[in-house]
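S.K.: Just passing along the structure, written as structure tokens.
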Amino acid sequence: MRPPLVSLTHRNNSTTGAAKHSSSFKGVWWNKRSKKWHSELKFHGKSVFFGRYDSEVAAAKAVDAGLVSQFPLLVPDRGLNFRE
């Protein structure tokens, strides 16, 4: 029997795939406690929080607006969730 090619710990497994309640949009994730979609970007180890939303799409649009207004130079690198 061959050994596995990669040995992953539980921590590795939990960070390599998408979480059960993650979004298909960049910077958007579901918070079980608040039961809302959170919009947030991480840049140089710091989080920039854009708010909590009932709609996943509204949270994604908030991420796009925040990226354009606060980090316009990153738009070509990170891309937007919605093309205008």
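Residues are listed down the side, and each one gets a yes or a no for (1) out of contact with any Asp or Glu (no Cβ under 8 Å at 6 or more places or on another chain); (2) charged (D, E, K, R):
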residue: LEU41; (1), (2): yes, no
residue: HIS44; (1), (2): yes, no
residue: VAL48; (1), (2): no, no
residue: ALA59; (1), (2): yes, no
residue: ALA62; (1), (2): yes, no
residue: ARG83; (1), (2): yes, yes
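S.K.: Restricted to the stretch 41-50, and to residues that are over 14 Å from LYS61 (Cβ atoms) and of a type outside the set (Gly, Ala, Ser), which residue is surrounded by the fewest Cβ atoms within 10 Å (Cβ to Cβ)? So that I can check it myself, show each step before the final result.
M.R.: Step one: list which residues in the stretch 41-50 are over 14 Å from LYS61 (Cβ atoms), which gives 42-49.
Filter once more, keeping what is of a type outside the set (Gly, Ala, Ser): 42-44, 46, 48-49.
Values: LYS42: 9, PHE43: 12, HIS44: 4, LYS46: 7, VAL48: 15, PHE49: 11.
The selected residue is HIS44.
S.K.: If I filter the stretch 31-40 for residues that are at pLDDT below 95 and hydrophobic (A, V, I, L, M, F, W, C), do I get at least one hit?
M.R.: There is no residue in the stretch 31-40 that is at pLDDT below 95 and hydrophobic (A, V, I, L, M, F, W, C).
The values are calculated or read from the model by the stated rules, or taken from the named source; none is laboratory data. None of these values were measured; they are calculated from a predicted model. For neighbour counting, all protein chains shown are included, and Cβ atoms are generated from backbone atoms with ideal geometry for every residue, glycine included.
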